[in-house]
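Reviewing the structure listed below.
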Amino acid sequence: MYISCDAVRAKYHLLDTNKLQSVLQSSAVVKDYKFDTKKEEWCEVTLQFNILDSKIDLPSLIDLDIRKAVVHEVPGVTRCFLSTQKNGEVHLKTEGINILEVYKYSDFLDISRLYSNDIHAMAERYGIEAAGRVIIKEVQNVFGAYGIDVDYRHLSLLADYMTFEGSYKPFNRVAMETCSSPLQQMSFETTMHFLVNASIHGSHDSLKSPSAQLVTGRLVTCGTGSFELMNRITV
(Lines give C-alpha, C1' and ligand atoms only; values in the text may rest on other atoms or scores of the structure.)
Protein backbone atom coordinates (compact mmCIF):
# COMPACT_ATOMS: atom_id res chain seq x y z
CA MET A 1 0.00 0.00 0.00
CA TYR A 2 1.38 3.42 -0.97
CA ILE A 3 0.22 6.79 0.35
CA SER A 4 1.48 9.99 -1.19
CA CYS A 5 3.27 12.41 1.17
CA ASP A 6 1.47 15.26 -0.56
CA ALA A 7 -1.86 13.64 0.28
CA VAL A 8 -0.88 13.32 3.96
CA ARG A 9 0.24 16.93 4.11
CA ALA A 10 -2.97 18.05 2.44
CA LYS A 11 -4.98 16.09 5.00
CA TYR A 12 -3.21 17.69 7.97
CA HIS A 13 -3.45 21.12 6.35
CA LEU A 14 -7.21 20.65 6.04
CA LEU A 15 -7.46 19.64 9.72
CA ASP A 16 -5.46 22.70 10.78
CA THR A 17 -7.65 24.93 8.64
CA ASN A 18 -10.81 23.48 10.16
CA LYS A 19 -9.38 23.97 13.65
CA LEU A 20 -8.53 27.60 12.87
CA GLN A 21 -11.99 28.31 11.48
CA SER A 22 -13.64 26.65 14.48
CA VAL A 23 -11.76 28.90 16.92
CA LEU A 24 -12.39 32.07 14.90
CA GLN A 25 -16.11 31.32 14.73
CA SER A 26 -16.38 30.55 18.45
CA SER A 27 -16.60 34.25 19.39
CA ALA A 28 -16.91 37.61 17.67
CA VAL A 29 -13.96 39.03 19.63
CA VAL A 30 -11.52 36.36 18.40
CA LYS A 31 -9.69 37.84 15.43
CA ASP A 32 -6.69 35.57 15.03
CA TYR A 33 -5.47 32.19 16.21
CA LYS A 34 -2.04 30.66 15.88
CA PHE A 35 -0.91 27.31 17.21
CA ASP A 36 1.90 24.78 17.11
CA THR A 37 1.08 22.51 14.18
CA LYS A 38 3.94 20.10 14.89
CA LYS A 39 3.99 19.32 18.62
CA GLU A 40 0.80 21.12 19.72
CA GLU A 41 2.58 22.64 22.72
CA TRP A 42 1.38 26.25 22.45
CA CYS A 43 -1.28 28.49 20.97
CA GLU A 44 -1.84 32.24 20.63
CA VAL A 45 -5.23 33.95 20.51
CA THR A 46 -5.78 37.56 19.44
CA LEU A 47 -8.86 39.29 20.85
CA GLN A 48 -10.28 42.58 19.57
CA PHE A 49 -12.53 44.90 21.60
CA ASN A 50 -14.11 48.27 20.87
CA ILE A 51 -12.04 51.03 22.52
CA LEU A 52 -15.23 52.99 23.19
CA ASP A 53 -16.49 50.27 25.49
CA SER A 54 -16.07 50.52 29.24
CA LYS A 55 -13.10 48.96 30.98
CA ILE A 56 -12.61 45.33 30.11
CA ASP A 57 -11.64 42.87 32.83
CA LEU A 58 -9.52 40.73 30.54
CA PRO A 59 -8.21 38.33 33.26
CA SER A 60 -11.80 37.48 34.22
CA LEU A 61 -12.74 36.87 30.58
CA ILE A 62 -9.73 34.64 30.08
CA ASP A 63 -10.43 32.77 33.31
CA LEU A 64 -14.02 32.21 32.21
CA ASP A 65 -12.94 30.76 28.87
CA ILE A 66 -10.23 28.64 30.46
CA ARG A 67 -12.84 26.98 32.65
CA LYS A 68 -14.74 26.00 29.52
CA ALA A 69 -11.67 24.60 27.79
CA VAL A 70 -11.12 20.85 28.17
CA VAL A 71 -7.54 19.59 28.22
CA HIS A 72 -8.37 16.12 29.51
CA GLU A 73 -11.56 14.74 30.97
CA VAL A 74 -13.06 11.55 32.34
CA PRO A 75 -16.72 11.08 31.37
CA GLY A 76 -18.92 11.23 34.45
CA VAL A 77 -16.38 13.08 36.64
CA THR A 78 -16.71 16.87 36.91
CA ARG A 79 -14.16 17.68 39.63
CA CYS A 80 -11.46 15.88 41.59
CA PHE A 81 -9.24 16.88 44.50
CA LEU A 82 -6.84 15.33 47.00
CA SER A 83 -7.74 14.98 50.67
CA THR A 84 -5.18 14.18 53.39
CA GLN A 85 -6.56 11.99 56.18
CA LYS A 86 -5.58 12.05 59.87
CA ASN A 87 -3.43 8.95 59.41
CA GLY A 88 -1.44 10.65 56.66
CA GLU A 89 -3.10 8.83 53.77
CA VAL A 90 -3.98 10.84 50.69
CA HIS A 91 -7.41 10.10 49.22
CA LEU A 92 -8.56 11.08 45.75
CA LYS A 93 -12.13 12.39 45.90
CA THR A 94 -14.28 13.18 42.89
CA GLU A 95 -17.60 14.76 42.02
CA GLY A 96 -19.17 12.10 39.85
CA ILE A 97 -18.09 8.52 39.28
CA ASN A 98 -16.71 6.41 36.44
CA ILE A 99 -15.65 3.11 37.97
CA LEU A 100 -14.42 1.53 34.75
CA GLU A 101 -12.11 4.49 34.09
CA VAL A 102 -10.65 4.27 37.62
CA TYR A 103 -9.64 0.66 36.95
CA LYS A 104 -7.15 1.93 34.37
CA TYR A 105 -5.11 3.59 37.13
CA SER A 106 -4.74 0.57 39.39
CA ASP A 107 -0.94 0.91 39.27
CA PHE A 108 -1.04 3.86 41.70
CA LEU A 109 -4.62 3.80 43.05
CA ASP A 110 -5.79 1.20 45.59
CA ILE A 111 -8.79 -0.11 43.65
CA SER A 112 -9.71 -2.53 46.45
CA ARG A 113 -10.70 0.46 48.60
CA LEU A 114 -12.72 2.28 45.95
CA TYR A 115 -15.97 3.65 47.39
CA SER A 116 -18.82 5.74 46.03
CA ASN A 117 -22.05 6.99 47.59
CA ASP A 118 -23.73 6.46 44.22
CA ILE A 119 -25.82 3.46 45.23
CA HIS A 120 -26.94 2.65 41.69
CA ALA A 121 -23.34 2.67 40.40
CA MET A 122 -22.15 0.40 43.21
CA ALA A 123 -25.06 -1.99 42.66
CA GLU A 124 -24.39 -2.15 38.94
CA ARG A 125 -20.67 -2.82 39.31
CA TYR A 126 -20.33 -4.73 42.60
CA GLY A 127 -23.78 -6.21 43.17
CA ILE A 128 -26.78 -5.50 45.34
CA GLU A 129 -25.04 -6.58 48.56
CA ALA A 130 -22.46 -3.84 48.09
CA ALA A 131 -25.28 -1.36 47.52
CA GLY A 132 -26.79 -2.42 50.85
CA ARG A 133 -23.52 -1.68 52.63
CA VAL A 134 -23.41 1.74 50.99
CA ILE A 135 -26.90 2.50 52.30
CA ILE A 136 -25.83 1.58 55.84
CA LYS A 137 -22.68 3.69 55.66
CA GLU A 138 -24.42 6.74 54.23
CA VAL A 139 -27.22 6.66 56.82
CA GLN A 140 -24.59 6.29 59.56
CA ASN A 141 -22.78 9.36 58.19
CA VAL A 142 -25.98 11.42 58.17
CA PHE A 143 -26.86 10.63 61.78
CA GLY A 144 -23.20 10.73 62.85
CA ALA A 145 -22.96 14.37 61.77
CA TYR A 146 -25.45 15.18 64.55
CA GLY A 147 -23.81 12.90 67.10
CA ILE A 148 -26.58 10.31 66.87
CA ASP A 149 -25.55 6.66 67.12
CA VAL A 150 -28.02 4.28 65.47
CA ASP A 151 -27.91 0.56 66.22
CA TYR A 152 -26.38 -1.34 63.30
CA ARG A 153 -29.23 -3.87 63.39
CA HIS A 154 -31.75 -1.14 62.61
CA LEU A 155 -29.68 0.11 59.69
CA SER A 156 -29.09 -3.38 58.31
CA LEU A 157 -32.84 -4.07 58.45
CA LEU A 158 -33.49 -0.86 56.54
CA ALA A 159 -30.83 -1.69 53.92
CA ASP A 160 -32.09 -5.26 53.53
CA TYR A 161 -35.65 -4.07 52.95
CA MET A 162 -34.47 -1.63 50.28
CA THR A 163 -32.43 -4.27 48.42
CA PHE A 164 -34.01 -7.68 49.08
CA GLU A 165 -35.74 -7.70 45.67
CA GLY A 166 -32.35 -7.66 43.95
CA SER A 167 -32.52 -3.98 43.02
CA TYR A 168 -32.25 -0.71 44.92
CA LYS A 169 -35.67 0.72 45.64
CA PRO A 170 -36.52 3.91 47.56
CA PHE A 171 -38.34 4.01 50.86
CA ASN A 172 -41.48 5.76 49.63
CA ARG A 173 -44.98 5.05 48.35
CA VAL A 174 -43.66 4.34 44.85
CA ALA A 175 -41.61 1.42 46.17
CA MET A 176 -44.62 0.23 48.20
CA GLU A 177 -46.36 -0.59 44.91
CA THR A 178 -44.36 -3.85 44.84
CA CYS A 179 -45.50 -4.87 48.34
CA SER A 180 -47.80 -7.91 48.36
CA SER A 181 -49.74 -6.81 51.45
CA PRO A 182 -52.50 -4.24 50.74
CA LEU A 183 -52.83 -3.40 54.44
CA GLN A 184 -49.11 -2.71 54.69
CA GLN A 185 -49.38 -0.43 51.66
CA MET A 186 -52.29 1.46 53.19
CA SER A 187 -50.49 1.85 56.53
CA PHE A 188 -47.62 3.65 54.81
CA GLU A 189 -49.08 6.52 52.73
CA THR A 190 -51.93 7.37 50.34
CA THR A 191 -54.38 5.00 52.03
CA MET A 192 -57.24 5.64 49.58
CA HIS A 193 -55.01 5.04 46.56
CA PHE A 194 -53.94 1.60 47.76
CA LEU A 195 -57.45 0.78 49.05
CA VAL A 196 -59.02 1.52 45.67
CA ASN A 197 -56.37 -0.50 43.81
CA ALA A 198 -56.81 -3.45 46.18
CA SER A 199 -60.58 -3.33 45.70
CA ILE A 200 -60.38 -3.11 41.91
CA HIS A 201 -57.93 -5.99 41.58
CA GLY A 202 -59.46 -8.10 44.36
CA SER A 203 -56.17 -8.28 46.25
CA HIS A 204 -55.82 -10.76 49.11
CA ASP A 205 -53.88 -10.11 52.32
CA SER A 206 -52.56 -13.14 54.18
CA LEU A 207 -51.84 -11.01 57.29
CA LYS A 208 -48.23 -12.20 57.41
CA SER A 209 -46.58 -8.78 57.46
CA PRO A 210 -46.12 -6.99 60.82
CA SER A 211 -47.98 -3.91 59.55
CA ALA A 212 -51.01 -5.94 58.48
CA GLN A 213 -51.04 -7.78 61.81
CA LEU A 214 -50.93 -4.51 63.76
CA VAL A 215 -53.75 -3.02 61.67
CA THR A 216 -56.00 -5.98 62.46
CA GLY A 217 -55.02 -6.12 66.13
CA ARG A 218 -53.12 -9.39 65.85
CA LEU A 219 -49.94 -10.35 67.66
CA VAL A 220 -46.93 -9.63 65.46
CA THR A 221 -45.28 -12.94 64.57
CA CYS A 222 -41.71 -11.79 65.03
CA GLY A 223 -39.45 -11.30 68.02
CA THR A 224 -41.18 -12.49 71.19
CA GLY A 225 -44.34 -13.05 69.17
CA SER A 226 -42.74 -15.65 66.91
CA PHE A 227 -43.52 -18.52 69.30
CA GLU A 228 -46.13 -19.63 71.82
CA LEU A 229 -45.69 -20.71 75.43
CA MET A 230 -47.18 -23.97 76.64
CA ASN A 231 -47.81 -24.56 80.32
CA ARG A 232 -47.25 -27.99 81.76
CA ILE A 233 -50.51 -29.21 83.31
CA THR A 234 -50.46 -31.89 85.95
CA VAL A 235 -53.53 -34.12 85.88
Among the residues of the stretch 68-89 satisfying the criterion of being part of a loop (DSSP other than H, G, I, E, B), under 23 Å from the mean Cα position of the chain (by Cα) and surrounded by 10 or more Cβ atoms within 10 Å (Cβ to Cβ), which is modelled with the lowest pLDDT? 74
Given 108, 143, which one is more than 16 Å from the chain's Cα centre (by Cα), at pLDDT below 90 and of a type outside the set (Val, Ile, Thr)? 108
Every residue in the stretch 180-202 that is assigned to a loop (DSSP other than H, G, I, E, B) and surrounded by fewer than 17 Cβ atoms within 10 Å (Cβ to Cβ), please. 180, 189, 190, 202
Going through the stretch 101-129 in order, the residues found to be hydrophobic (A, V, I, L, M, F, W, C) and either surrounded by fewer than 11 Cβ atoms within 10 Å (Cβ to Cβ) or in a strand (DSSP E or B) (or both) are 108
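Can you go through 133, 125, 218 and tell me which one is more than 30 Å from residue 100 (Cα to Cα), basic (Lys, Arg) and outside the structural domain of residue 100 (by TED's automatic domain parsing)? Talk me through it step by step, then tell me what you get.
Working: 133 fails: more than 30 Å from residue 100 (Cα to Cα); 125 fails: more than 30 Å from residue 100 (Cα to Cα).
Criteria check complete, one pass: 218.
Please verify whether residue 100 is in contact with a strand residue (DSSP E or B) (Cβ under 6 Å, 6 or more places away or on another chain) and over 30 Å from residue 178 (Cα atoms), treating the condition exactly as stated.
On the way: in contact with a strand residue (DSSP E or B) (Cβ under 6 Å, 6 or more places away or on another chain): no; over 30 Å from residue 178 (Cα atoms): yes.
Answer is no for this residue.
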Mind checking which residues of the stretch 130-166 are exposed (fewer than 13 other Cβ atoms within 10 Å of the Cβ) and outside any helix (DSSP H, G or I)? 145, 146, 147, 148, 149, 151, 164, 165, 166
Quick one: residue 143 ticks every box in (1) closer than 30 Å to residue 28 by Cα; (2) touching an Asp or Glu at 6+ places or on another chain (Cβ under 9 Å) except a single one, so which number is it? (1)
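The values are calculated or read from the model by the stated rules, or taken from the named source; none is laboratory data. Quantities reported herein were computed from a predicted structural model and do not represent experimental measurements. So basically every Cβ, Gly included, is an ideal-geometry build from the backbone, and we count neighbours across all protein chains shown.
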